[in-house]
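The values are calculated or read from the model by the stated rules, or taken from the named source; none is laboratory data. All figures in this text were calculated on a predicted structure; none of them were measured in a lab. We place every Cβ from the backbone using ideal geometry, glycine too, and count neighbours over all the protein chains shown.
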Amino acid sequence: MTKQHANWSPYDNNGGSCVAIAGADYCVIAADTRMSTGYNILTREYSKISQLAEKSVMASSGFQADVKALQKVLSARHLIYQHQHNKQMSCPAMAQLLSNTLYYKRFFPYYSFNVLGGLDSEGKGCVFTYDAVGSYERVGYSSQGSGSTLIMPFLDNQLKSPSPLLLPAQDAVTPLSETEAVDLVKTVFASATERDIYTGDKLEIVILNASGIRREYMELRKD
Amino acid sequence: MFRNQYDTDVTTWSPAGRLFQVEYAMEAVKQGSAAIGLRSKTHVVLACVNKANSELSSHQKKIFKVDDHIGVAIAGLTADGRVLSRYMRSECINYSYTYESPLPVGRLVVHLADKAQVCTQRSWKRPYGVGLLVGGLDESGAHLYYNCPSGNYFEYQAFAIGSRSQAAKTY
């Protein structure tokens, strides 16, 4: 008798794309607001972005129920940290916490593809990119989600420094200005929306800088 | 003097129906430096006298933020107070996590009181030696409660605990 398999899955993919770009003194985190299942749209106005701390913002695509649970766990942990340390968690500290939280469920993972953006203790922009089980790296820019295969090569083209073999080691941060980075994000999502059916409806952009946090929205194609 | 036969552990009653260990714990509260609380319809105010061990040391921390809507002032064994504050914080966090809303103050003090009561009925434990003035705001308004080492709690309009608190109470 062949092994019986479950006729249901605990996971679902609600689609969507996320992007984050780090600048010298700012960080841009963006995600679309479409939530879908299979070929159906559940809602056109769901935020995938969550502010975990004063200078840490996470965007996550994948299974939104797991994303919501992950956001709640991190918020609760941050509250405990604040009670114990009398201050907010720094972005690199939150990055490590997120990694540990994801690996904690290594054998029943959060189906959540995350990109964490914020300002480090020196005020420089930082972006951390993750896989579903917590492997992470600090980078200058990243994208996750259904449109990431379309978005990432474009970001590489625009932001990646030429091969380190030719030039001395580069800072992991883009030389773009804040307005240029926001425009790049808008361009990138407009293009991804054309070809990725799971990305579209509206783009939510969060910009973190020394003056605080700012939100912008842009309409995307709804088909 | 008569007390000495029945005060060795908390699980021994005296012939007069008293638990002396619990009463001794309440004494510890009376010996601690003062803490007072008062409330209006919309606000609760907590204040403490913070003692320092010596000229060179820092002052004791006796007021703790438990959640955005609840604070606590303690008198007595401050170490016990710190531990109970941590417990209160985690209760608030767990409640918010499950119900996405703030823990009502009345519920929190009941949890605290039940926790204190456990220590009055186990031979291997001792009562907490700290009195807590829990002040907070919830849907039903502003509240001020006093939690005893005995496991009792009362709601007050205004209250003072610790040494020389009688002056505050008279006022």
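When B:K61 is tested against (1) assigned to a loop (DSSP other than H, G, I, E, B); (2) away from chain A (no Cβ under 14 Å), just one condition goes unmet, and that condition is (2). Of note, B:V49 does not satisfy the criterion of being at pLDDT 95 or above and surrounded by 12 or more Cβ atoms within 10 Å (Cβ to Cβ). I want to confirm something. Restricting to the stretch A:154-186 and keeping residues that are exposed (fewer than 12 other Cβ atoms within 10 Å of the Cβ) and part of a helix (DSSP H, G or I), which single residue is modelled with the highest pLDDT? So the residue we want is A:T179. Look at (1) β-branched (V, I, T); (2) under 24 Å from A:I213 (Cβ atoms); (3) surrounded by fewer than 21 Cβ atoms within 10 Å (Cβ to Cβ) and you find that A:I41 fails only one, number (2).
The residues of the stretch A:77-89 that are away from chain B (no Cβ under 14 Å) and buried (at least 18 other Cβ atoms within 10 Å of the Cβ) amount to a single one, A:M89. Of the strands (runs of 3 or more DSSP E) lying entirely inside the stretch B:66-171, those carrying at least 1 residues that are surrounded by fewer than 23 Cβ atoms within 10 Å (Cβ to Cβ) and within 14 Å of chain A (Cβ to nearest Cβ) are B:70-76.
Suppose we filter the stretch B:4-52 for residues that are hydrophobic (A, V, I, L, M, F, W, C), within 17 Å of B:R126 (Cα to Cα) and free of Cβ contacts under 8 Å to residues at least 40 places away in the same chain; how many remain? Working first, answer last.
Narrowing the stretch B:4-52 to residues hydrophobic (A, V, I, L, M, F, W, C): B:10, B:13, B:16, B:19-20, B:22, B:25-26, B:28-29, B:34-36, B:38, B:44-49, B:52.
Within this subset, residues satisfying the condition of being within 17 Å of B:R126 (Cα to Cα) are B:10, B:13, B:19-20, B:22, B:25-26, B:28-29.
Imposing the further condition that a residue be free of Cβ contacts under 8 Å to residues at least 40 places away in the same chain reduces the set to B:13, B:20.
Residues that pass the stated criteria total 2.
Of the residues making up the stretch A:197-221, those that are of a type in the set (S, T, N, Q) and touching a strand residue (DSSP E or B) at 6+ places or on another chain (Cβ under 7 Å) are A:T199, A:N209. Looking only at residues in the stretch A:96-131 that are among the small types (G, A, S) and not in a strand (DSSP E or B), the one that is modelled with the highest pLDDT is A:S99.
Within the stretch A:187-208, the set of residues being part of a strand (DSSP E or B) and either closer than 19 Å to A:R44 by Cβ or at pLDDT below 95 (or both) comprises A:K202, A:L203, A:E204, A:I205, A:V206.
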